[in-house]
Amino acid sequence: MADTEKPTPPQTGATAPTAPDMNNPDFQVALKALLAVYQPIFEQQLNLTKNPQELQKEAQAISTRTCAQEFEEAYSMFGKFLNEDTAMRLLPPQAKAILGPAEQWRWCLQHVLCCLVFGWLVCRWPRTFRGYAYYLYEFWKCVRQVIGSPVGDSPTDEQRRDFNTLVKILAEAYKPYLTDQLASVEYPAGVPEEIISGKINCFVDDPESCIIFERLLTSEAAHALLGEAAFKQHSQQAFFWFCRCWCLCALCFGCCLARARNIQQVVLCFYAYYRCLFDCFRPLTCEITSPAAGACALEQYYASVGVWGVEIVGTATGVSCDHYILEWKDPLAPPAAYTQAFIAYPPPAPPTGPGACGVSGSALGYLETFGTPVPTDVEIRLTVFSSQAGQAPCVTEVSFQVFEQRVSIENVAGVNVPDWTDPNSQLVGTPTGPVLSFGDAMEIWGHAWVGGCSNAQIKRYTLSYQAGFVTDPTAGTWTPFWEVDYNSPLEQAAFNKNYMDLTSVWQFVQICSPPFPPCPRPVPPFAQPYPIQYDQLGPASWYSGVALPCTAGPTAFSGQGTFPIDPQLPLTPGNIWASQTLPSTNCYSGQYTLLLSVEDTGGNFYYDTQEVWFDNKPVYGEITGIMGVAPCAVINLSEILNAGNCNVVWPLAIEGIAYDEYIIEGNTTHPSDNFGGYCLTLTRQGGSESVCTPVSLSVALPVPNPTSPTTVGINRVGDPGVRCGSASPPPVGPVTNFSNVLTTMDARIFDNTCGCKSSLVPPTGFGLNRADPATGQPGQCCSFFFTLSVWDNTICEFLSGGRHYAAAPCVLIWPVYICNDLPPLPQGTTPPCP
């Protein structure tokens, strides 16, 4: 049987099986057999109403009944009805013709009994998913017993895998029911009107259990239900597909009986089962119901298959349905242009197809339109193939337009959004890296395009922000900071549906054509335009804040300002928009949500949001003292502790401040705490260094680090005693200015006599000589420069180094004049440094 075949009437125009007659003698005999099963049950119930004491005993007995007894009673009851005689009386002629001798299909009949009992037990009252799963387990064990492969108390690994597969398929089959119920609960506004109008009545949701059964009986489920070996054996039999269809009819029959409230409903359930058996032989059916012919289909993202495109809904069923395929082409292209490329199929079919039969009024597949050559005018063809040789496939086509909806923030300041379809996705440097913060000028990249249908095109897009992390694009108050309109014909002709810099501005371009020269050079309003004219979007940048003291960066960004809505017209009121920074509150820093909003010509809006941590607060770096002397003062080596003893360290402390404000005062977790680090270099006059890197006559000073020796400090040192003037929330308690030790170096590096013993390796020519009595040369003196660099981890794509770093007016360079006044070694002493 085709996957999840639904026993419904065939497509209009197809040759339907002859409807069974309730007056048929065989139907009447089978009906009497069913009523004979129910008669003693009804009689017993009637007698109990006349004997309260016996009724009480029965009620007490039921309360202690086990699950095993429940199944035993069900098989005993329906086993009396579902025998070979009643089965053959109810089967249509086509079924009898393919079944053959009873010996070869007796296993199928026993399998159908398992189906009937499962449907009856699972539908006797509302079941949770776990309840369904339990009865599915007993159903599975029943089927395995029938085919001669019983499941023991401890299933084998293979059997466990098969049952796990069945539960996963059940979950997928049960999920749409739960989703629909949840939607009704969360959005109940329409339910009262549907009840009043009669759309919802006492029969509402009656078919739901049967629909769940349809979604459960897939090809994958058939493999897991029987086991691979039994499936290979039985699937070769000509009637195997009918056995699966028979099982589905029995499942729905059992479910219907479980909910029957009187004998009349039992009869109606039985007739529905009778019709279902005939309906198994309906012909191939192919139908595309959505998108409808000539419709404007909305392009959207389908997470279940990871496709951005259009869902194709319809039906692919039939007695001998083997598989189906979907194809597409440009409506004007010849039939040979049809292709399956960029078609994704829903489970249980492989993603690349072919599709699994049994789809009825649900997703046949998905046409991937994002980043593919699929045009906005497209034709889809559905072809359903038969398993019977010589039977022509069922084919249908539909043409429609695709309304492309490509609205996404995908990159901020060079950092890709891990999952832009997730409104809670955070910006991280690597898949497992920490959350990043951003500041200064930046570009925002993504897609901002809707259109493709003749009645709706893009009108404009805007970028806005709102404080806090917001996942609902229609909630709260958004402040626009960037705008791109598509008003004029030249702008509309220059639309960009590809990945683009969203922080772009319109530019009006005029190009001379021969003869050249001369070429007119008109000025606004361009009364004499150039021969070639067009509008183009040129990349720009959005400046999120204004630089503060001790933070490198421009105080005003060149790309910030007023821009034209239509670049062909002058910058006058009505034709301008202005870019804006974040609010000055908290120094343009904090947690914000960016909103990309695209409006079409019909007044409809499409959105995407992205959560971002912004940091435009200052970084402080300052050297405040070395041995208590002022900048440019003299330091004699003899003043340093241990000086002269080559075998011990001569400690020289460099004091200062290395501090970065928290994005949110009081929040010391990352990324509010995004302090990057600091480093110190020491350079002799005439040498050079470059941001922590010695170049010539320079060394990088070791800095205390809790994990290993390094030249980069990772902890704050001291406090500048100031905070962002508009900090929100403000700092708790007083803020005090104080310095601390940035590092303590080994001053032996200054002395050529002991320099080789220093923990720092001095470059050639770095150290100072002591006085030489033999030549009369005095001890050497020279200027040295201590340089401090401090930075944070904020992403600033247009700043040197790509981050904030401390700069003027902070004191980052401390010059000193060092003299080697140590006495020379006694004559005859072997120098420690040759």
Assuming residue 698 fulfils every condition listed in (1) at pLDDT 95 or above; (2) touching a Cys at 6+ places or on another chain (Cβ under 6 Å) apart from one, which condition is it? (2)
Restricting segment 412-422 to residues that are under 15 Å from the mean Cα position of the chain (by Cα) and surrounded by 20 or more Cβ atoms within 10 Å (Cβ to Cβ), which is farthest from residue 306 (Cα to Cα)? 417
Of all residues in segment 1-47, count the ones that are of a type in the set (Ser, Thr, Tyr) and at pLDDT 50 or above. 2
Being surrounded by fewer than 22 Cβ atoms within 10 Å (Cβ to Cβ) and outside any loop (DSSP other than H, G, I, E, B) is the filter here, so list the residues in segment 631-653 that pass it. 634, 635, 636, 638, 639, 651, 653
Which residues, taken from segment 342-355, are open to solvent by 10 Å² or more (accessible area, probe 1.4 Å) and in contact with a Phe, Trp or Tyr (Cβ under 8 Å, 6 or more places away or on another chain)? 342, 343, 344, 346, 351, 352, 353, 354
Unmet requirement for residue 370, which otherwise passes all of (1) among the hydrophobic types (A, V, I, L, M, F, W, C); (2) touching a strand residue (DSSP E or B) at 6+ places or on another chain (Cβ under 6 Å); (3) modelled with pLDDT of 95 or more: (3)
Among the residues of segment 433-473, how many are touching a strand residue (DSSP E or B) at 6+ places or on another chain (Cβ under 8 Å), assigned to a loop (DSSP other than H, G, I, E, B) and either over 16 Å from residue 593 (Cα atoms) or not charged (D, E, K, R) (or both)? 13
Filter segment 605-630 down to the residues that are open to solvent by 40 Å² or more (accessible area, probe 1.4 Å) and either modelled with pLDDT of 90 or more or touching a Leu at 6+ places or on another chain (Cβ under 8 Å) (or both) and list them by number. 605, 607, 622, 624, 627
Taking residue 127 as meeting all but one of (1) touching a residue at least 40 places away in the same chain (Cβ under 8 Å); (2) open to solvent by less than 80 Å² (accessible area, probe 1.4 Å), write down the number of the exception. (1)
Helices (runs of 4 or more DSSP H) completely within segment 218-328 that count 2 or more residues being closer than 29 Å to residue 20 by Cα and in contact (Cβ under 8 Å) with a residue 24 or more places away in the chain: 240-259, 263-279
Members of segment 384-408 found to be within 24 Å of residue 317 (Cα to Cα), in contact with a Phe, Trp or Tyr (Cβ under 6 Å, 6 or more places away or on another chain) and part of a strand (DSSP E or B), listed by number: 384
Checked segment 100-124 for anything touching a helix residue (DSSP H, G or I) at 6+ places or on another chain (Cβ under 7 Å) and open to solvent by 20 Å² or more (accessible area, probe 1.4 Å); matches are 102, 107, 110, 113, 120, 124
Hits in segment 770-790 (condition: of a type in the set (A, V, I, L, M, F, W, C), open to solvent by 20 Å² or more (accessible area, probe 1.4 Å) and not in a loop (DSSP other than H, G, I, E, B)): 781, 785
Single match in 664, 714 (criterion: open to solvent by 30 Å² or more (accessible area, probe 1.4 Å), closer than 30 Å to residue 409 by Cβ and in contact with a strand residue (DSSP E or B) (Cβ under 8 Å, 6 or more places away or on another chain)): 664
Strands (runs of 3 or more DSSP E) contained entirely in segment 576-628, each with at least 2 residues that are aliphatic (A, V, I, L, M): 576-578, 590-600, 619-626
Would you pick out the residues in segment 429-446 that are modelled with pLDDT of 95 or more and among the hydroxyl-bearing types (Ser, Thr, Tyr)? 437
Tell me which residues, restricted to segment 672-700, are assigned to a loop (DSSP other than H, G, I, E, B) and surrounded by fewer than 22 Cβ atoms within 10 Å (Cβ to Cβ). 672, 673, 691, 692
Residue under question is residue 794, and the condition is that it be of a type in the set (S, T, N, Q) and over 59 Å from the mean Cα position of the chain (by Cα); does it hold? no
Within segment 344-358, identify whether any single residue is without any contact (Cβ under 8 Å) to a residue 40 or more places away in the chain, under 22 Å from residue 293 (Cβ atoms) and not in a strand (DSSP E or B), and answer yes or no. no
Quick check on segment 422-444. Is at least one of its residues under 30 Å from residue 359 (Cβ atoms) and not polar (S, T, N, Q)? yes
For segment 53-71, name all the residues that are surrounded by fewer than 12 Cβ atoms within 10 Å (Cβ to Cβ) and either at pLDDT 80 or above or aromatic (Phe, Trp, Tyr) (or both). 67, 68
Report whether or not residue 85 is surrounded by 14 or more Cβ atoms within 10 Å (Cβ to Cβ), part of a helix (DSSP H, G or I) and either out of contact with any Ser or Thr (no Cβ under 9 Å at 6 or more places or on another chain) or on the phi < 0 side of the Ramachandran plot (or both). no
Might you let me know whether segment 573-582 holds any residue that is within 42 Å of the chain's Cα centre (by Cα), aromatic (Phe, Trp, Tyr), within 30 Å of residue 510 (Cα to Cα) and open to solvent by less than 30 Å² (accessible area, probe 1.4 Å)? yes
Checking 449, 506 in turn, the sole residue that is under 27 Å from the mean Cα position of the chain (by Cα), surrounded by 15 or more Cβ atoms within 10 Å (Cβ to Cβ) and at pLDDT 85 or above turns out to be 449
Looking at segment 302-340, which of its residues are charged (D, E, K, R) and within 20 Å of residue 387 (Cβ to Cβ)? 322
For residue 119, work out the one condition from (1) more than 49 Å from the chain's Cα centre (by Cα); (2) closer than 30 Å to residue 278 by Cβ it doesn't fulfil. (1)
In segment 212-254, residues that are open to solvent by 10 Å² or more (accessible area, probe 1.4 Å) and closer than 15 Å to residue 120 by Cα total 1
Looking for whichever is open to solvent by less than 70 Å² (accessible area, probe 1.4 Å) and in a helix (DSSP H, G or I) here; the options are 173, 97. Which one fits? 173
Boolean, residue 816 is over 23 Å from residue 765 (Cα atoms) and either among the β-branched types (Val, Ile, Thr) or surrounded by fewer than 16 Cβ atoms within 10 Å (Cβ to Cβ) (or both): no
Among (1) touching a residue at least 60 places away in the same chain (Cβ under 8 Å); (2) open to solvent by less than 10 Å² (accessible area, probe 1.4 Å), there is one condition residue 767 misses while meeting the rest; what is its number? (1)
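The values are calculated or read from the model by the stated rules, or taken from the named source; none is laboratory data. Because the structure is predicted, anything quoted here is derived from the model rather than measured. So basically every Cβ, Gly included, is an ideal-geometry build from the backbone, and we count neighbours across all protein chains shown. For accessibility, only protein heavy atoms count, side chains too; no ligands or nucleic acids. Shrake-Rupley method; radii C 1.70, N 1.55, O 1.52, S 1.80 Å.
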